[in-house]
Amino acid sequence: MLNIVLFGAPGAGKGTQSDLLVAKYNLNHISTGDLLRKEIADQTELGKRIKSIMDSGSLVSDDIVVEMIDKAIASDTQGILFDGFPRNVAQAETLDKLMAKYGRSITCMVSLDVPNDELIRRMLERAKISGRSDDNEETIKNRLKEYENKTLPVASYYEKQGKHIKVNGVGKVEDISASIIAAIEKL
Ligand code: AMP
């Protein structure tokens, strides 16, 4: 069973590549960002608590996302594509423990490599149509800062485990998917 972490900065194309990968390998797509946005849209207690944090581009607390991930793994039977999780080393460690609790493990972490100026260009472009309240220039800067400070070390975490696959995230969508699939097939 494949359990893949799709990794990359905001704007690296995780959402787009997730759709293609879940279809190809019949995986469950677990996006913590989508789950959190749903809480806000549904105006739940949790949604009300996290809205201002998400609007600022900062990460929400680990406990919140870990609980969501625990439930997602518990109910999954087909393999998971993790999108937007883990976002820091503590979450990566917790994910390993959770997977072990269910007798599973992470197969690999695929990271999409995109230079910063291209990330900003893509996010500003997406802002015109996404309707996402965190797609504006100030928040984008904070999201990239959070990524560099907290999320980037997650790549080394998987590198040490020999599970890190780096893919060039610039170019045609189908070429990028082909590189990801080729790397997964080699495992
Ligand atoms: P995303 O859709 O993955 O870009 O996530 C949007 C926002 O949701 C982030 O800027 C964070 O505020 C929050 N978020 C998503 N995933 C996580 C996570 N694993 N840990 C903490 N915050 C998260």
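The values are calculated or read from the model by the stated rules, or taken from the named source; none is laboratory data. All figures in this text were calculated on a predicted structure; none of them were measured in a lab. Cβ atoms come from the backbone with ideal geometry, glycine included; neighbour counts cover every protein chain shown.
Can you find a residue in the range 74-81 that is more than 10 Å from the ligand (Cβ to nearest atom), surrounded by 18 or more Cβ atoms within 10 Å (Cβ to Cβ) and assigned to a strand (DSSP E or B)? Break it down stepwise before answering.
Residues of the range 74-81 that are more than 10 Å from the ligand (Cβ to nearest atom), as a first pass: 74-81.
When the remaining residues are screened for being surrounded by 18 or more Cβ atoms within 10 Å (Cβ to Cβ), the result is 80-81.
Filter once more, keeping what is assigned to a strand (DSSP E or B): 80-81.
Checking the range 74-81: at least one residue is more than 10 Å from the ligand (Cβ to nearest atom), surrounded by 18 or more Cβ atoms within 10 Å (Cβ to Cβ) and assigned to a strand (DSSP E or B).
Is it fair to say Leu21 is on the phi < 0 side of the Ramachandran plot, buried (at least 16 other Cβ atoms within 10 Å of the Cβ) and within 14 Å of the chain's Cα centre (by Cα)? Working first, answer last.
Values: on the phi < 0 side of the Ramachandran plot: yes; buried (at least 16 other Cβ atoms within 10 Å of the Cβ): yes; within 14 Å of the chain's Cα centre (by Cα): yes.
Yes, satisfied.
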| said: Suppose the filter is over 28 Å from Asn116 (Cβ atoms), assigned to a helix (DSSP H, G or I) and under 17 Å from the mean Cα position of the chain (by Cα); does Val66 pass it? | reply: yes
| said: So for the range 24-34 (the condition being modelled with pLDDT of 95 or more, in contact with a helix residue (DSSP H, G or I) (Cβ under 7 Å, 6 or more places away or on another chain), in a helix (DSSP H, G or I) and away from the ligand (no atom under 15 Å from the Cβ)), does at least one residue qualify? | reply: yes
| query | Which residue pairs have Cβ atoms under 9 Å apart, sit 6 or more places apart or on different chains, and have a first residue in the range 172-186 that is part of a helix (DSSP H, G or I) and a second that is small (Gly, Ala, Ser)? | reply | Val173/Gly13; Ile176/Gly13; Ile176/Gly169; Ser179/Gly171
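Can you name every residue in the range 127-142 that is part of a loop (DSSP other than H, G, I, E, B) and more than 12 Å from the ligand (Cβ to nearest atom)? Show your work before the answer.
Step one: filter the range 127-142 for residues part of a loop (DSSP other than H, G, I, E, B), giving 131-136.
Once the filter is applied, which keeps residues that are part of a loop (DSSP other than H, G, I, E, B) and more than 12 Å from the ligand (Cβ to nearest atom), the range 127-142 yields Gly131, Asn136.
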| message | in a loop (DSSP other than H, G, I, E, B) and within 10 Å of the ligand (Cβ to nearest atom): is that true of Gly11 in this structure? | response | yes
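Suppose the filter is within 15 Å of the ligand (Cβ to nearest atom), more than 19 Å from Leu6 (Cβ to Cβ) and surrounded by fewer than 16 Cβ atoms within 10 Å (Cβ to Cβ); does Asp63 pass it? Let's see the steps before the verdict.
Values: within 15 Å of the ligand (Cβ to nearest atom): yes; more than 19 Å from Leu6 (Cβ to Cβ): yes; surrounded by fewer than 16 Cβ atoms within 10 Å (Cβ to Cβ): yes.
So Asp63 fits the description; yes.
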| note | Every listed condition ((1) in contact (Cβ under 8 Å) with a residue 12 or more places away in the chain; (2) in a loop (DSSP other than H, G, I, E, B)) holds for Gln43 save (1)
| task | Just give me the residues in the range 24-41 being surrounded by fewer than 15 Cβ atoms within 10 Å (Cβ to Cβ) and closer than 25 Å to Met123 by Cβ, in sequence order. | result | Asp34, Lys38, Ala41
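Residues are listed down the side, and each one gets a yes or a no for (1) farther than 16 Å from Arg132 by Cα; (2) under 17 Å from the mean Cα position of the chain (by Cα):
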residue: Ser52; (1), (2): no, no
residue: Asp55; (1), (2): no, no
residue: Ala74; (1), (2): yes, no
residue: Thr77; (1), (2): yes, no
residue: Asn88; (1), (2): yes, yes
| Is at least one residue of the range 91-103 within 13 Å of the ligand (Cβ to nearest atom) and closer than 23 Å to Ile176 by Cα? | no
